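What follows is one structure encoded as structure tokens, with my remarks underneath.
Computed from the coordinates by the stated procedures, all read-outs in this text should not be read as laboratory data. Being a predicted model, the structure only gives us computed values, none of them experimental. Don't worry about glycine lacking a Cβ; one is built from the backbone with ideal geometry, like all the others, and counts go over all protein chains shown.
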Amino acid sequence: MRWSNLSPIVGATMLLSLLYTPALAQDSVAQFYKGKQINLYVGSSAGGGYDTYARLLARRFGAAIPGNPAVVVQNMPGAGSNKLAGYIYSVAPKDGTAIGAIFSGAILQPLIGDPVQHDPSKFIYLGNANDEAFLCLARSDAPIKSFKDALSHELILGATNEGGSTRDFAAMLDNLVGAKLRIVTGYPGSNEILLALERNEVQGACGLGWSSVAPQRARLLDSGLIRIILQLTNTGHPEMSRMGVPLAAEFAKNEDDRKAMELIFSQLTFGRPYILPPGVPADRVAALRAAFMSALTNKDTITEARTMQLDLDPLAGDAVQTEVAKAYAMPARIIERARASLVYRP
């Protein structure tokens, strides 16, 4: 349409409409959220890494949302955060007042794990708090001194349940590299697993995030109680690489196993994802995504994260949505190999 062909009145009206549409949308969002509460659910217990990130976000999230709603963190652990994922998908209100912080493994669960009652490809992704690097830990008095030793000596690991990274990544290492890992499941989250390690209930853990371990580094690592024996990531974390910690892919038996491992590790691109139910109005999605990035790039948030020794590398919601779609478009052969690697046979 040519602007020159419009009457001055019609042209001015259309121009004003274009100018005010974003403002009107924001006003509509502000009116909805004013005086309301957003429940930010965490799929693990209080005190763990996912809980710590969610509470960091919550402290500045509401102030960045039009209407300034209160943001209240609530914990809903269970089934490797699939309990929460199912709640967000089927039960939670679809109006933008319910947000879930789920394990990245729960996103790939229907693709490479057992069936669940939700479809992660249909979630609306709010964003990702950081590009996570996962690791394997072992007590210094365990019967192994390096991950290579775990190929010939048993290591007893603490883990959550199926769908959680501490269970699934350990099973993958059992199957793809032949590690002798005995997995003890049922721990609610990373905090309880680390406590179990300290109490010598278990000898190690695989699939814990570096950001969960780093805040407790002095007590766990610098004290010599625990050592890092493996990186569970495609690219490696700078700090762990400087420590000389090997990558899991170095122990893959063949190319197909390496690619299956890469698919499983792809979830780390969305290491701490935040989700909305399908059906949330588009204007509220846009506002929440913008507020998410604003809250996590706020200079006070960055300063606080550094004080807490938390890595912050937020990824925008539309980018997370794209990465999830890529994972669900992987070749069937690699998906099947990855799926088989997560079957744990004690």
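Tabulated results
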{"quantity": "Exposure proxy ranking, count of Cβ atoms within 10 Å, fewest first, for TYR89, TYR33, TYR328", "calculated": "TYR328, TYR89, TYR33"}
{"quantity": "Positive dipole terminus of the chain, leading residue within PHE251, ALA98, GLN26 (C-beta point charges)", "calculated": "GLN26"}
{"quantity": "Among beta bridges that DSSP assigns inside the chain, antiparallel share in %, nearest 5", "calculated": "55"}
{"quantity": "More than 26 Å apart - percent of Cα-Cα pairs taken over region 214-346", "calculated": "43"}
{"quantity": "HN-Hα J in Hz across region 334-341 - Karplus 6.51, -1.76, 1.60, θ = phi - 60°, x for Gly and Pro", "calculated": "6, 4, 5, 5, 5, 4, 5, 5"}
{"quantity": "Residue of GLN203, GLN267, GLN117 that the Gaussian network model of the chain assigns the largest fluctuation, springs spanning Cα pairs under 10 Å", "calculated": "GLN117"}
{"quantity": "Region 116-206, relative contact order [Cα under 8 Å, separation at least 6], %", "calculated": "34"}
{"quantity": "Amide H contacts of ARG182 (H built 1.01 Å from N, under 5 Å, at least 5 apart or other chain)", "calculated": "LEU155, ILE156, LEU157"}
{"quantity": "Cα pair distances in the chain, grouped into 10 Å bins until the bin that holds the longest one, percent each", "calculated": "6, 25, 31, 21, 10, 4, 2, 1, 0"}
{"quantity": "Packing-based exposure ordering (other Cβ within 10 Å, fewest first) of MET243, MET330", "calculated": "MET243, MET330"}
{"quantity": "Cα pair distances exceeding 20 angstrom across region 134-267, given as percent", "calculated": "38"}
{"quantity": "Nonlocal amide H pairs with ASN75, under 5 Å, H built at 1.01 Å", "calculated": "VAL42"}
{"quantity": "Greater than 23 Å apart at Cα, pairs in LYS94/LYS122; LYS259/LYS326; LYS145/LYS253; LYS94/LYS326; LYS83/LYS122", "calculated": "LYS94/LYS326"}
{"quantity": "Peptides ranked, highest mean first, by Cβ atoms within 10 Å: ranges 36-49, 312-325", "calculated": "36-49, 312-325"}
{"quantity": "Per-residue HN-Hα couplings for region 255-263 [Karplus 6.51, -1.76, 1.60; θ = phi - 60°; Hz; x = Gly/Pro]", "calculated": "5, 5, 5, 5, 5, 5, 5, 4, 4"}
{"quantity": "LEU181, LEU263 arranged by Cβ crowding within 10 Å, fewest neighbours leading", "calculated": "LEU263, LEU181"}
{"quantity": "Mean separation of Cα contacts under 8 Å (6+ apart) over length of region 135-182, as relative contact order %", "calculated": "37"}
{"quantity": "Estimated D of region 88-129 in µm² per second, where Rh is the Kirkwood radius over Cα pairs and Stokes-Einstein applies at 4 °C, 1.567 mPa s", "calculated": "114"}
{"quantity": "Measure of compaction for region 112-158 (Cα Rg per 2.2 N^0.38 Å)", "calculated": "1.86"}
{"quantity": "At q = 0.20, 0.27 Å⁻¹, base-10 log of I(q)/I(0) for region 276-346 (Debye sum, equal scatterers on each alpha carbon)", "calculated": "-0.90, -1.16"}
{"quantity": "Rounded to 5, percent antiparallel among DSSP beta bridges of region 134-267", "calculated": "65"}
{"quantity": "The chain: most fluctuating residue of ASP256, ASP131, ASP168 per GNM, C-alpha cutoff 10 Å", "calculated": "ASP256"}
{"quantity": "Karplus-derived 3J(HN,Hα), 6.51/-1.76/1.60, for each residue of region 64-80, Hz, glycine and proline x", "calculated": "8, 9, x, x, 6, x, 6, 10, 10, 8, 10, 9, 9, x, x, 6, x"}
{"quantity": "Amide H contacts of GLY163 (H built 1.01 Å from N, under 5 Å, at least 5 apart or other chain)", "calculated": "ASP168"}
{"quantity": "Proximal aspartates and glutamates to LYS299, defined as alpha-carbon separation beneath 18 angstrom and excluding residues fewer than eight positions away on the same chain", "calculated": "ASP311, ASP313"}
{"quantity": "The chain, relative contact order in percent, only Cα pairs under 8 angstrom and at least six apart counted", "calculated": "25"}
{"quantity": "Reach of LYS34 by Cα under 17 Å, taken over aspartates and glutamates that are not fewer than 8 positions away in the same chain", "calculated": "ASP95, ASP283"}
